[in-house]
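Only one structure is covered here, and it is reproduced in the block below.
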Amino acid sequence: MSVESWLERDRLVLMDFDPEVVRIASQPFWLHWHDGERERRHAPDYFVRRADGSAVVIDVRADERIEPRDAEAFEVTRRACRQAGWGFEQVGVPKEALLANVRWLSHYRHPRCRRGPVVDRLREIFTAPALLMAGADAAGDRLETLPVLFHLLWLRELTAEGLAVALLGPSTVVRLADGSVR
């Protein structure tokens, strides 16, 4: 699998975790243009619809792997998106800790991980910030509570401090998230 393929897969799981993203389309269209010497074309990696109704086209490429030809394609895409009333983002390599944490939490996204009584206990325990493992233990047997806790983190009903900079662990501080439930 190429570096770009890995980056695209990683970005997809991060977009899936983003509560502002409500729809994702992969390689949504081809953009054709003439660069003065030859016909060119480019298929952006993603089209994203956000919860507020706005749209953004995303190209995924590590900054150090952007060749002049790629930069031109991204600029043409940016201009076309502006004309359509969409945003455009070129994104590179995500932070390692954030990606590892989101990958881990993605294993708990399925609704089967949500068990009502455990959800209620965890929500009560984490109304005040508490350590992840201490809160899981206070809610009951770890084998029962941890999948539910990770599910609530995936849904962002709970939030973990430092998710983007440190791996989730026993001493991660968790609290009830502010705002609406997903």
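Just so you know, all these numbers are worked out from the coordinates, no wet-lab data involved. Not measured: the values here are computed from a predicted model. Cβ coordinates were reconstructed from backbone atoms using ideal geometry, including for glycine residues, and neighbour counts include every protein chain displayed.
By the equivalent-ellipsoid construction on the alpha carbon gyration tensor, the range 68-113 comes out with semi-axes of 33, 16, 7 Å, ordered largest to smallest. With θ taken as phi - 60° and the Karplus curve 6.51 cos²θ - 1.76 cosθ + 1.60 applied, the whole-hertz 3J(HN,Hα) list for the range 46-61 is 9, 10, 10, 9, 9, 4, 7, x, 6, 10, 9, 9, 10, 10, 10, 7 Hz, x standing for glycine and proline. How much net charge surrounds Arg23 when only other residues with a Cβ under 14 Å from its Cβ are counted (Lys, Arg +1; Asp, Glu -1)? Around Arg23, the surrounding residues sum to -2. Subtracting the Cα-Cα distance of Gln83 and His107 from their residue separation scaled by 0.36 nm leaves 4.8 nm. Cα axis of helix 96-106 to longest principal axis of the chain: angle in degrees, 0 to 90, nearest 10? That helix lies at roughly 70 degrees to the long axis. Under conditions of 20 °C and 1.002 mPa s, the range 9-98 yields 154 µm² s⁻¹ as its translational diffusion coefficient, taking Rh as the Kirkwood radius over Cα pairs in the Stokes-Einstein equation. Between Asp35 and Arg175, how high is the FRET efficiency from 1/(1 + (r/R0)^6) when r is the Cβ-Cβ distance and R₀ = 30 Å? Nearest 0.05. After rounding to 0.05, the efficiency reads 0.05. Here r is the Cβ-Cβ distance between Ser26 and Glu161 and R0 is 30 Å; the resulting FRET efficiency, rounded to 0.05, is 0.40.
Give the Rg/Rh ratio for the chain, taking Rg as the radius of gyration of the Cα atoms and Rh as the Kirkwood radius, to two decimals.
Checking Rg against Rh, the ratio lands at 1.09.
With coordinates expressed along the principal axes, the C-alpha atoms belonging to the range 96-176 extend over 33, 25, 19 Å, beginning with the largest.
Each of Glu72 and Glu124 was given a label point 7 Å from its Cα along the Cα-to-Cβ line. The distance between the two points is 6.5 nm.
Subtracting the Cα-Cα distance of Arg9 and Asp63 from 0.36 nm times their residue separation leaves 17.8 nm of extension gain. Neighbours of Ala71, meaning other residues whose beta-carbon lies under 14 angstrom from its beta-carbon, give a summed charge of -2 when Lys and Arg score +1 and Asp and Glu score -1.
Using a/c under 1.5 as the rounded threshold, could you call the range 52-149 rounded, prolate or oblate? The axes a ≥ b ≥ c are square roots of the C-alpha gyration tensor eigenvalues, and prolate needs a/b larger than b/c, oblate otherwise. Prolate. Note on Arg115 and Ala51: the model spin-label points, each 7 Å out from Cα along the C-beta direction, lie 2.8 nm apart.
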